[in-house]
Amino acid sequence: MVMSFFRRKATAQVPENVTESWSPQDNAVVLTVPFNGADREAVTAADRLTTTIVQTVNAVQAGEVGDSIPAGTTDAQVKIVVDCGTTSITPLGQQAVDILRERLGKSMPLEVLSAPAPEVDEAAVSLPEIPRTGPDGKKLGLWDSLKAAAEHQAQAQAAASGTTLAPRADLVAPHFTWDTENSALRADIVILGEAGADAQTRTDVAYLVEQTLASLGTPDVQALVPDGTANHEIWLTVAVNDDAAGTLTRRKLDEGEKQFENTRVDFVVMIEPREEIEKMLAVD
């Protein structure tokens, strides 16, 4: 399926809220990602933290950091610090960090500066551990780990609201393709939601966006980019039928547009009549 849109040009750069500094002790560029542990939308905040860290890593890989490195410095490293300020990192935020830290390994340290967590009823907030291995005993890749995280986040949100809410079982994340004409990776997420099912549609949107972006780090997607291509763009379209997209879904999509501003991810939202979404899904 191919969609044609007017798309703004984007560059790979560190997100606006991420700051760069130089640490002579570590001989490293420090990229500081702010995180507010007091954010009442815990699931949304954890999603936003994951997105910001992934964008920051992409910017590092594209060579868009290093202005703080003193002249004559050699063998400089890069590390990312999640700074919670006077708040404590949330359990969901910590899970997001743990997954990404595991994937980054020693190549790019990921640290957390967090105030001591307030005393709470641990039984009330107990979160099951996200599996790191599959049924066959093999270590889960980034895609499967983040899938488990997304499912768990949806379950945690449902538990907090007293409702049963999880991504639909029939959801399938789209595959990226290489757009030769525009030198961009592109993927189109098309969701046909049930009329009036705003909360479910929001969950499905968040899940598919996260899974699609997570696949950028997989060998299959990286292999799509021709050798020698630098600073390519990423085009991601999300199309939803209007009768399923209420306040929650539209707010989530608005957040996505803001999160990807000034990055190389061109995030396009389409809220269309049900019949238009059905036509998109009918296209092979």
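The values are calculated or read from the model by the stated rules, or taken from the named source; none is laboratory data. The structure displayed is predicted, hence computed values, not measured ones. Cβ placement follows ideal geometry from the backbone for every residue including glycine, while neighbour counts extend to all protein chains displayed. SASA here: full protein model, heavy atoms, side chains in, ligands and nucleic acids out. Shrake-Rupley method; radii C 1.70, N 1.55, O 1.52, S 1.80 Å.
A few comments on the model shown:
- Rolling a 1.4 Å probe over the protein heavy atoms of the range 31-72, with every protein chain left in place, gives an accessible area that is 45 percent carbon and sulfur.
- Share of carbon and sulfur in the accessible heavy-atom surface of the range 212-284 [1.4 Å probe, %]: 48
- DSSP-assigned coil residues among GluC sites (Glu not before Pro) in the range 16-83, each with at most 15 further Cβ atoms within 10 Å: 16, 41
- Rounded to the nearest 5, the antiparallel percentage of DSSP beta bridges internal to the range 161-284 is 15%.
- Trypsin sites (Lys or Arg not before Pro) lying in DSSP loop within the range 21-87, provided at most 11 other Cβ fall within 10 Å: 40
- The range 31-99 and the range 204-234 have Cα centres lying 19 Å from one another.
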